[in-house]
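The values are calculated or read from the model by the stated rules, or taken from the named source; none is laboratory data. Keep in mind that this is a model prediction, so the values were computed, not measured. Glycine gets a Cβ as well: all are built from the backbone with ideal geometry, and neighbour counts include every protein chain shown. What goes into the accessible areas is simple: the full protein's heavy atoms, side chains included, and nothing from ligands, DNA or RNA. Shrake-Rupley method; radii C 1.70, N 1.55, O 1.52, S 1.80 Å.
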Protein chains: 2
Amino acid sequence: MNDSQATTRARRSPAADELRTWRNFIETTDELRSTLASRLQSESGLSTGDYAVLLALSDAENRTLRSSDLASTIGWARSRLSHHLGRMERRGLIRREEAQTDSRGAEIAPTPTGTEAFRAATAPHLHAIRELFIDALTPAQLTAADEIADALSAHLKEGVH
Amino acid sequence: MNDSQATTRARRSPAADELRTWRNFIETTDELRSTLASRLQSESGLSTGDYAVLLALSDAENRTLRSSDLASTIGWARSRLSHHLGRMERRGLIRREEAQTDSRGAEIAPTPTGTEAFRAATAPHLHAIRELFIDALTPAQLTAADEIADALSAHLKEGVH
DNA sequence: CCGATATAATTGATCTGTCAACTATAATAC
DNA sequence: GTATTATAGTTGACAGATCAATTATATCGG
């Protein structure tokens with residue numbers, strides 16, 4: 001007759017708890033992301049996309065990367081990168097040059113303005129990450145966060161089943 | 001004076017580990033979010049924004065909400081909501097009516113099309129959440145995720161210091 | 001009632017992200 | 001060599017998000 005819930009201990013269903021956890025998790029991480037983005041923007045005039053691009057370039061040999069390599073380094077689709085580079089170029093943060101070895105190609109490098117903007121942005125940005133993420137968690141929680149990310153990532157990568 | 005190669009930081013520094021954890025965490029949650037969004041989109045033709053709006057309306061008294069109430073329910077700025085409602089209205093998902101008690105106001109309700117789209121979207125969406133988040137984690141990890149979100153959220157809300 | 005101010009909602013500008021279509025060059029096959 | 005296919009990158013159209021400015025109505029102090 002009574003095959004499941006609602007009779008004895010129907011206080012809170014596990015499914016509802018799980019869904020609450022989901023919403024708590026996704027909404028909080030979203031807020032964290034957007035808070036950090038807006039701090040970076042107001043402190044340095046760079047978006048997180050700008051920062052990712054400039055970081056990859058600053059780590060690269062000769063501070064220069066082929067567009068495709070840059071895209072795969074930061075994990076963006078080429079279209080997205082192309083649009084973004086157009087905006088960054090207009091703002092004088094990067095420049096594009098023809099690749100010598102492959103005339104389809106584009107080599108991307110930061111301008112002095114871009115290099116300086118990145119330099120100035122880095123310390124406050126790292127500070128904000130520490131303040132809003134690392135210092136918000138206990139060491140055990142930080143480890144747990146890393147493991148949770150690994151588990152989610154593994155599950156995502158193995159695709160549907 | 002010196003190039004950017006690592007010379008004296010040969011050991012794994014705690015700071016570098018923390019930063020790796022940060023990147024792992026933020027990139028993974030981002031990928032999770034976007035995977036879920038694209039599944040919802042392809043399975044039901046709704047964006048996560050559409051879904052949030054229709055969910056709030058479906059939970060509301062008379063399936064109707066004032067625009068401001070809707071905005072605060074789903075945590076959006078009114079401008080963002082207004083633009084989004086314009087798009088949803090054009091697609092025939094919701095309608096806007098003048099509020100009786102306040103002629104500045106707008107009352108938002110789903111159309112039959114919107115109600116049906118929401119109904120059809122819900123089960124697959126909840127299934128995807130289970131598959132990509134809940135089932136990816138052990139019960140202990142799920143609890144830890146909830147606590148991590150609580151900690152981050154508390155830290156965010158207490159603001160800078 | 002009147003003027004100041006607060007609230008409700010929209011609008012326009014701009015930046016960002018996605019998708020599909022396109023151009024151009026390189027590489028491979030025949 | 002030429003046709004085919006792969007690769008590099010750009011473009012246009014559109015959905016989405018943010019910010020500042022704007023319109024219109026409500027409310028409150030006098």
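Within the set A:E89, A:E107, A:E98, the sole residue that is of a type in the set (D, E, K, R), open to solvent by 40 Å² or more (accessible area, probe 1.4 Å), near DNA strand D (Cβ under 10 Å from one of its atoms) and more than 24 Å from the chain's Cα centre (by Cα) turns out to be A:E98.
From the residues in the range B:52-79 that are within 12 Å of chain A (Cβ to nearest Cβ) and assigned to a helix (DSSP H, G or I), which one is most open to solvent (accessible area, probe 1.4 Å)? Within the range B:52-79, the match that is most open to solvent (accessible area, probe 1.4 Å) is B:L55. The residue pairs whose first member lies in the range B:117-134 and is over 16 Å from A:R23 (Cβ atoms), whose second member is loosely packed, with under 15 Cβ neighbours inside 10 Å and not hydrophobic (A, V, I, L, M, F, W, C), and whose beta carbons are closer than 7 Å, counting only pairs six or more residues apart or on different chains, are B:A117/B:G45; B:F118/B:S58.
Taken over the range B:123-161, the residue count meeting the criterion of being among the basic types (K, R) and closer than 23 Å to A:I129 by Cα is 1.
Within the range A:87-101, can one find any residue that is assigned to a loop (DSSP other than H, G, I, E, B), β-branched (V, I, T) and within 14 Å of DNA strand C (Cβ to nearest atom)? Yes, that holds for at least one residue.
Restricting the range B:17-49 to residues that are touching a Ser or Thr at 6+ places or on another chain (Cβ under 8 Å) and more than 12 Å from chain A (Cβ to nearest Cβ), the residue that is least open to solvent (accessible area, probe 1.4 Å) is B:L40. Scanning the range B:110-145 for residues that are away from chain A (no Cβ under 14 Å) and surrounded by fewer than 17 Cβ atoms within 10 Å (Cβ to Cβ) gives B:T111, B:P112, B:T113, B:E116, B:R119, B:A120. Cβ separations smaller than 6 Å between residues 6+ apart or across chains give the following pairs from the range B:63-78 residues that are within 15 Å of DNA strand D (Cβ to nearest atom) to residues that are open to solvent by 60 Å² or more (accessible area, probe 1.4 Å): B:A71/B:R78. Has the range B:148-155 got at least one residue that is over 16 Å from the mean Cα position of the chain (by Cα), within 10 Å of chain A (Cβ to nearest Cβ) and outside any helix (DSSP H, G or I)? The answer is no, given that none of the residues of the range B:148-155 is over 16 Å from the mean Cα position of the chain (by Cα), within 10 Å of chain A (Cβ to nearest Cβ) and outside any helix (DSSP H, G or I). Of all residues in the range A:146-161, those that are in contact with a Leu (Cβ under 6 Å, 6 or more places away or on another chain) and open to solvent by 20 Å² or more (accessible area, probe 1.4 Å) total 1.
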